[in-house]
Each structure stands twice: as C-alpha cells, then as structure tokens.
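The values are calculated or read from the model by the stated rules, or taken from the named source; none is laboratory data. Because the structure is a prediction, the values reported are computed rather than measured. Cβ: placed from backbone, ideal geometry, glycine included. Neighbour counts: every protein chain shown.
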Amino acid sequence: MTQYCRKCGKELEDDAEFCDSCGFNLNGNIIQKTNESKLPAPKNKNEFATKLPLILAIIGIIISIAEGLSTPLLVGWDSILTAMAIGVIGGAFGIILMEKFDEPLIAAVEFIATGVLIYAFIGRFGEISTVLFIIAAVLALYFKGYYTKNKKLFAIPILTVVLLFVLLIAGGAVYQINAENSVAIGNLTQNITNDGYGYYDGYITGDIKVDSNFDYLSVNVDFLDSNGKVIDSTIGWNSINPENGKTYKISALYFDQQAPAKAEIKVVDSSDDTTPLYTENMTILTSSGV
C-alpha cells in the first residue's frame, strides 16, 4: 500500500520510516536533516604553513623573471632567456607535481634542479629565486611528506634537465654558426713605436661590420710576446645593441715597456670570451719613434 507523508504529502516507499523530503518521522517526530557539506570546515592552524611551499614556488617564478630582466646583457641574452625559461617551466612543473599529483618528493627534486640551473646560467643575479626554490623544496618535504606514489614521475625533473641542455646545445650551435657569419673584421693596421723613454705605445686600428642583431658585441685585443704569453689586453671596441648593417671603427691602445710580437683580435658577444665569434692573429712590427 502506497503511503504519503502526513506533513508535506510526498509519496514514499511502503517501508519508509521518514520522509526524504521534509524529514518528518512517520511515527510522529520530525528529524532535522543536516547538510554536512554546508557546515564550515574546522580551521587548521597549520593551513598557512602547509601552503608555504606553493607560495614560495610562485614567488620564485615571479622573481626569476624579474632577475632575468635585470641581469646585465654582458652575461649574454641567451643565458638570461634560458634562466627565465627555467624559472617559469621548472617552477610550474614543480607546483603541478606537488599540488595535482601529490608528489612532494619529486616536486622537491624539480624545485632544487630549477634553482641550481638558474644559478648556473646567471650566477649571483639569480640568487634570490634559487634560494626560494630550494626553501620551497625543503618545506614541501617537511609539510607534505617524503613518500612517492608514482616513481615514473621522477622522469619529469630528469627530462626537464636533459631536454633543457639538449635544446641549449643545439640552439647554441646554431647561434654560433649564424653569429660567426654575421661579423667581419677588415682594414687592420698597426702603428706601435718605441717612444725612446723605455716604453712602446701605439694603436691597432680597423673596422668591424655587423650583419645581424646582437645584444652586445666586443672586440678584444691581446698583445703577446714572442713566446705567445699575453703582455696586455684591451678592448678595441664594444657596443650594446650595435646597429645591424653598420660598420664601426676599432682602436686598441698599447702601452708597455715590452715590445709586442703578436696581437690576437677576437670578437665576442658576451663577457665570456672562451668561444669568440671571430679571431685573427697579426704580427706586430714595432718601429722607433725617436
């Protein structure tokens, strides 16, 4: 026999003891229904502390961008962009691993790798973001545990580092080739004389033509003795954002008591001159100016 709620009239199951609409007790009492989902969750005193790794990681991403933009161009624009990309991508991967996959250990590895790589590319200019990412890693381990649910996710920080260096090497090789074909040195002349007072002084002059866009270029000149030892080093020309297609004058001063035997002219695109874009050697023929 079908029964109905005596309070609201809703049709109920034959064996129902309570109305599932208004909570009326079919035996005569009303049961107040409680929606637990609407009750305020108890406050966790450590809620802010457990969010610190996330907060620091986000700040680290923002700071890494700011540090990259404030890093001197002498470091090299390629290194600056790489450091900024590492901060954003590495930090984002770490946050996803920590928050979405609940893998604090793997996220900590990602944060540490991110911080170390930023420092590797821009050094002391990336100290703040590096420290923030390392602290985020430590706090992630402390507040969220050391466990690993899916060890396969360790491939993410590993692949992040590997992919970065593969792209960096490939991009650097392409850049080096293009850059080497974009600078040309010409019209080199020398005029170094003995001034009669125990010193040799004078100049090496010439032209440099720039056929590409560079953030920074410098012509460095090393003066060497007959054994190939560097006597003196100087900058013959440098410029931030040199104009594409323009030819600039080079003038490298020499002043020393020892007569130079050779000069090595190098064009570099950063403060690191280990891989110059252009190198030329010339023999120095000194004369008496007396």
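For region 117-131, a residue qualifies if it is crowded, with 17+ Cβ neighbours inside 10 Å and at pLDDT 90 or above, and the qualifying residues are Leu117, Ile118, Tyr119, Ile122, Phe125, Gly126, Ser129, Thr130. What are the residue pairs meeting all of these: first residue in region 8-28, first residue touching a residue at least 12 places away in the same chain (Cβ under 8 Å), second residue among the β-branched types (Val, Ile, Thr) and part of a strand (DSSP E or B), Cβ atoms under 6 Å, and 6 or more apart or on different chains? Close Cβ pairs satisfying both conditions: Phe24/Ile30. Inside region 243-269, residues that are over 23 Å from Tyr199 (Cα atoms), buried (at least 20 other Cβ atoms within 10 Å of the Cβ) and not charged (D, E, K, R) make up a count of 2. What about Ile134, is it modelled with pLDDT under 90 and either farther than 23 Å from Thr275 by Cβ or surrounded by 14 or more Cβ atoms within 10 Å (Cβ to Cβ) (or both)? It is false that Ile134 is modelled with pLDDT under 90 and either farther than 23 Å from Thr275 by Cβ or surrounded by 14 or more Cβ atoms within 10 Å (Cβ to Cβ) (or both).
Listed conditions (1) surrounded by fewer than 15 Cβ atoms within 10 Å (Cβ to Cβ); (2) of a type in the set (S, T, N, Q); (3) modelled with pLDDT of 90 or more; (4) not in a loop (DSSP other than H, G, I, E, B) are all met by Thr205, apart from (1). If the condition is being on the phi < 0 side of the Ramachandran plot and not in a strand (DSSP E or B), then region 181-202 contributes Asn181, Ser182, Asp195, Tyr197, Tyr199. Ala107 meets the stated requirement of being in contact with a Gly (Cβ under 8 Å, 6 or more places away or on another chain) and either surrounded by 20 or more Cβ atoms within 10 Å (Cβ to Cβ) or farther than 18 Å from Ser70 by Cβ (or both).
Checking each residue in region 67-84 for being surrounded by fewer than 20 Cβ atoms within 10 Å (Cβ to Cβ) and without any contact (Cβ under 8 Å) to a residue 24 or more places away in the chain picks out Leu69, Leu81.
Conditions: (1) surrounded by fewer than 11 Cβ atoms within 10 Å (Cβ to Cβ); (2) without any contact (Cβ under 8 Å) to a residue 60 or more places away in the chain; (3) not charged (D, E, K, R). Gly196 meets all but one. Number of the miss? Result: Gly196 passes all but (2). Taking residues in region 148-169 that are basic (Lys, Arg), and partners anywhere that are assigned to a helix (DSSP H, G or I), the pairs with Cβ atoms closer than 9 Å and at least 6 places apart or on different chains are Lys151/Ile106. For region 184-219, a residue qualifies if it is out of contact with any strand residue (DSSP E or B) (no Cβ under 9 Å at 6 or more places or on another chain) and more than 28 Å from Trp77 (Cα to Cα), and the qualifying residues are Tyr197, Gly198. Pairs please, first residue from region 94-115 and under 12 Å from Lys151 (Cα atoms), second anywhere and of a type in the set (Phe, Trp, Tyr) and not in a helix (DSSP H, G or I), Cβ atoms under 6 Å, 6+ apart in sequence or on different chains. Close Cβ pairs (under 6 Å, with a partner that is of a type in the set (Phe, Trp, Tyr) and not in a helix (DSSP H, G or I)) amount to Leu105/Tyr146.
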